[in-house]
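Asker: One structure coming up, written as structure tokens, with questions to follow.
The values are calculated or read from the model by the stated rules, or taken from the named source; none is laboratory data. Predicted model only: the values in this text are computed from it and were never measured. FYI the Cβ positions are ideal-geometry reconstructions off the backbone, even for glycines, and counts take in every protein chain you see.
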Amino acid sequence: AIDLPQPEFTTLEGEADNETLVNLRTQANSPFSKFPLVLKVRRHGYDGQGTFIIKNNINLKKTRQQLGSTPVILEEFVPFERELAVIAARSITGEVAVYPVVETQQEEQVCRRVLVPAEISPEIVAEIEAIARTLLNSLQVVGVFGIELFLTKSGKVLVNEVSPRTHNSGHYSLDACETSQFEMQLRAVAGLPLGNPALNCSGAVMVNLLGYEYSQHDYHQKRQKLSSLPGTFVHWYGKVQSRPGRKLGHITVLLESQQINQAQVIAKEIESIWYE
């Protein structure tokens, strides 16, 4: 096992594992004795799908029945202050590159905004970089990984999820870094030297363009309006159908400073145009 800081968790083999669940809930000092709790399916979970916040016994019973025999992870609920993420890559030769740590802002368990870099202390940055290197080297992986983390009010860092692929939280790298996460993936698997993951600007903000209706629309006029904003790069994924919460594209804006307030203002301006 890899010794990484993470929420307390255990595995359950579907609805049939009720006896194990009862024992966990009734044990003294158990991290699972109090609500809220988190249930996660072990496979095919993304953008909040397959993740359930359990608030009471009725909620727990209904969710267990809904999932049936699906194997799940039961996890303690972490009242985090902020969500962070980092992209890291490891090559065939064992070279590791780590991108800047970013802050992600979620709504309805779907990422809305990515603030680059995260406004955190150098000590926390170093801790997260060490986590990324430990994870990739311990697994001896080749390629790009996305690592999502919680930051608690006390300054504790916990690993939330790991994605063994290029990740939405790293899309800003297409425009804001010397080497994008996609080029880094190709370099890693091809045995080439890894590129430079550093920012090519002071900071950046990325906003996901999420579907807000059921339709077949290319939103050309809105994209044109968004592309006229200074320092803006619009990336459209060419998806035919829109539905609420679906990622249709993203926008990255390069900043002249690392001020979070400036990034927030720009993000709100983008969202006011997109969701009007």
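Asker: For the range 10-35, enumerate the residues that are surrounded by 15 or more Cβ atoms within 10 Å (Cβ to Cβ) and modelled with pLDDT of 85 or more.
Answerer: Scanning the range 10-35 gives T10, L12, P31, F32.
Asker: Go over the candidates I131, I92, I120 one by one and state the one that is of a type in the set (V, I, T) and touching a Gly at 6+ places or on another chain (Cβ under 6 Å).
Answerer: Residue meeting the stated conditions: I92.
Asker: Counting only residues that are touching a helix residue (DSSP H, G or I) at 6+ places or on another chain (Cβ under 9 Å) and at pLDDT 85 or above, how many does the range 37-49 have?
Answerer: Result for the range 37-49: 3.
Asker: Any residue in the range 236-245 that is surrounded by 14 or more Cβ atoms within 10 Å (Cβ to Cβ) and within 19 Å of the chain's Cα centre (by Cα)? Walk me through how you get there before you give the answer.
Answerer: As a first pass, look at the range 236-245 and keep what is surrounded by 14 or more Cβ atoms within 10 Å (Cβ to Cβ): 236, 239, 242, 245.
Now restrict to residues that are within 19 Å of the chain's Cα centre (by Cα): 245.
Yes, the conditions are met somewhere in the range 236-245.
Asker: Can you find even one residue in the range 109-127 that is surrounded by fewer than 17 Cβ atoms within 10 Å (Cβ to Cβ) and of a type in the set (A, V, I, L, M)?
Answerer: Yes, because at least one residue in the range 109-127 is surrounded by fewer than 17 Cβ atoms within 10 Å (Cβ to Cβ) and of a type in the set (A, V, I, L, M).
Asker: Tell me, which strands (runs of 3 or more DSSP E) lie completely within the range 1-113 with 3 or more residues that are under 30 Å from S173 (Cα atoms) and assigned by TED's automatic domain parsing to the domain that holds Q181? Walk me through it before giving the result.
Answerer: Numbers: elements: 9-12, 37-41, 51-54, 72-76, 82-90, 96-98, 102-107.
Result: 82-90, 96-98, 102-107.
Asker: Is there any pair linking a residue in the range 54-66 that is more than 14 Å from V22 (Cβ to Cβ) to one that is assigned to a helix (DSSP H, G or I), with Cβ under 8 Å and at least six apart or on different chains, and which?
Answerer: Listed pairs, sorted by first residue: I54/L60; I54/T63; Q65/E15.
Asker: For the range 233-263, which positions are over 23 Å from S180 (Cα atoms) and not charged (D, E, K, R)?
Answerer: Across the range 233-263, the qualifying residues are V240, Q241, S242, P244, G245, N261, Q262.
Asker: Against the conditions (1) outside any helix (DSSP H, G or I); (2) farther than 29 Å from Y212 by Cβ, where does T134 fall short? Just the number, please.
Answerer: (1)
Asker: For S180, indicate whether it is more than 30 Å from V78 (Cα to Cα), within 22 Å of the chain's Cα centre (by Cα) and either hydroxyl-bearing (S, T, Y) or modelled with pLDDT under 95 (or both).
Answerer: Yes, satisfied.
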